[in-house]
1. Name the residue that is farthest from residue 258 (Cα to Cα), counting only residues in region 288-325 that are open to solvent by 20 Å² or more (accessible area, probe 1.4 Å) and touching a Leu at 6+ places or on another chain (Cβ under 9 Å).
2. Out of everything in region 249-287 that is touching an Asp or Glu at 6+ places or on another chain (Cβ under 7 Å) and more than 28 Å from residue 172 (Cα to Cα), what residue ends up being surrounded by the most Cβ atoms within 10 Å (Cβ to Cβ)?
3. Could you list all residues from region 184-228 that are among the hydroxyl-bearing types (Ser, Thr, Tyr), in a strand (DSSP E or B) and surrounded by fewer than 22 Cβ atoms within 10 Å (Cβ to Cβ)?
4. Tally the residues that are hydroxyl-bearing (Ser, Thr, Tyr) and either part of a strand (DSSP E or B) or open to solvent by 10 Å² or more (accessible area, probe 1.4 Å) (or both), restricting the search to region 362-373.
5. Of all residues in region 314-341, which are assigned to a loop (DSSP other than H, G, I, E, B) and among the charged types (D, E, K, R)?
6. Here's a check for you: in region 342-361, which residue that is under 11 Å from residue 299 (Cβ atoms) and not in a strand (DSSP E or B) is least open to solvent (accessible area, probe 1.4 Å)?
7. Which ones in region 265-274 are assigned to a strand (DSSP E or B) and either in contact with a Gly (Cβ under 9 Å, 6 or more places away or on another chain) or of a type in the set (Gly, Ala, Ser) (or both)?
8. Among (1) among the hydrophobic types (A, V, I, L, M, F, W, C); (2) closer than 24 Å to residue 190 by Cα; (3) out of contact with any Phe, Trp or Tyr (no Cβ under 8 Å at 6 or more places or on another chain), there is one condition residue 408 misses while meeting the rest; what is its number?
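The values are calculated or read from the model by the stated rules, or taken from the named source; none is laboratory data. Quick caveat: nothing in here was measured; it's all calculated off a predicted structure. So basically every Cβ, Gly included, is an ideal-geometry build from the backbone, and we count neighbours across all protein chains shown. Note: areas computed on protein heavy atoms with side chains; ligands, DNA, RNA excluded. Shrake-Rupley method; radii C 1.70, N 1.55, O 1.52, S 1.80 Å.
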Amino acid sequence: MSGEKEEASFRMFGAYGEPEERRDVLESSGVSSQPEPQVQQQLGSLFGVPWQPPGPPIQHSPADQETSTVTQQQWHLQGLGRSELQAAGLPDAQPGEAAESSPSFLLGSEVGQPYSSSSPSEEVLSLLRAIPPIPDEVVVRQKRAPQGSWKVGTLLHGKRVYAVAISGSTHHVYTCGSGYIRVWDESMLHAGNKAPRAQLDLQHPQDRVVTCKLFPDERSLITGGASQAVTLWDLAPTPQVRAQLTSTGPTCYSLAVSSDAHICLACFHGFVEIWDLQNQILIRKHEVPVYGSRCVDITGNIFWTGGEDTTLYSWDLRSYQRLHQHNLQNEILSITHDPGEEWVLAGLRTSDIVFLHTRRNEQFKALMKKYTRHHSLKFASCGSYFVTAIDTRLSGLEAPSLQKLFQIEESSGILCCDVSSDNQYLVMGSSSSATIYQLLY
């Protein structure tokens, strides 16, 4: 399995809510197509239970999936939202638990005995009153998808912005390019003529940052690009270099950080460096196909690479063996994943987006049909939507329906984008500045 090449078979459909004739495109044998009603039932549960929007599933843009191990009843239960499960008399269970749960009873003193609730005692009420309120800063405010965007300001970086990041906790923006990184605080997001809060000069003036990643706690930033090192930055209380991780290649094209911030992958021409961030040591220099090393991502114990050779590779992070290779038939410009690490998204040169499940043999493609120079993808931390930036246009798409939520047209090409972890702001980097949009709900 580690060396075999898998030809892709996708259900092709138009995205962005634009009607398009659907067709099955069979690119190899071994993958069966499914009847339309079953596909529609699966759409609501395409990305797993945590992604279910309330209300009836959306009927447009169905996606073809291979679901031989999941019954039709289980897919139907996954497609229902929490309110629908309760209205149907069903517990709010995971797909695998649906068959084991009793729809008519809750646990009483004996299994199967009807549950009857009574008013809580004064002692219970006093205990409830003693529970302190949840701190405001830990409340996740937005789990639903935004319905629009509003331009609030422009950050004048002064040079081409190759990479950008925005913090959800502080709303600080980091614009990266040649020679320096600029830091902007929230008060500067709504103005176009303010100086940055700080400027972080790179080790050499000719160094250039082309990729950056915020750590999950947003207190550290890691950058890579045209230099001889991957740089680890402390952001609080004052931004400064924590460590220079000396690289074995001249240019780092892409970075990925594990969800626990223990591992960093740095993608170079023909290899990936695997770094232990806690001890700041190089674990392995892992060779990958020379023309399959433009971008990298990590989901659990699997990492993914892709590039000019049109193939998406998956690798075991423990054994370093190649698991699969998927022929996507177009050059891969970006890779990202959903917050639950169940789906990997690949942005292609043709603007198409390919979705592959990380644990099941399921995949489909959203058609854009436009040749592009740049294709950036970013999933929102809430998991209900993602953004795709193609040349001068950025679109927000709902997950899993792929319904278009909003669209932004810029005057110059969009080179990079990011969404704040609190889902309040969207930032895009271009030729000499970064543009800030506030998301509207």
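1. Ranking the candidates gives 310 first.
2. This residue is 271.
3. The first filter runs over region 184-228 and keeps only residues among the hydroxyl-bearing types (Ser, Thr, Tyr), leaving 187, 211, 220, 223, 227.
If we keep only those that are in a strand (DSSP E or B) too, we end up with 211, 220, 223.
Listed by number, the list holds a single entry, 220.
4. As a first pass, look at region 362-373 and keep what is hydroxyl-bearing (Ser, Thr, Tyr): 371-372.
With either part of a strand (DSSP E or B) or open to solvent by 10 Å² or more (accessible area, probe 1.4 Å) (or both) added as a condition, the list becomes 371.
Looking only at that region, the number is 1.
5. Looking only at region 314-341, we keep the residues that are assigned to a loop (DSSP other than H, G, I, E, B), and these are 317-321, 328-331, 338-341.
Residues satisfying the conditions are 318, 331, 338, 341.
6. Taking the candidates together, the pick is 358.
7. Step one: of region 265-274, the residues assigned to a strand (DSSP E or B) are 265-268, 271-274.
Of everything in region 265-274, those that are assigned to a strand (DSSP E or B) and either in contact with a Gly (Cβ under 9 Å, 6 or more places away or on another chain) or of a type in the set (Gly, Ala, Ser) (or both) turn out to be 266, 267, 268, 271, 273.
8. Single failed check for residue 408: (3).
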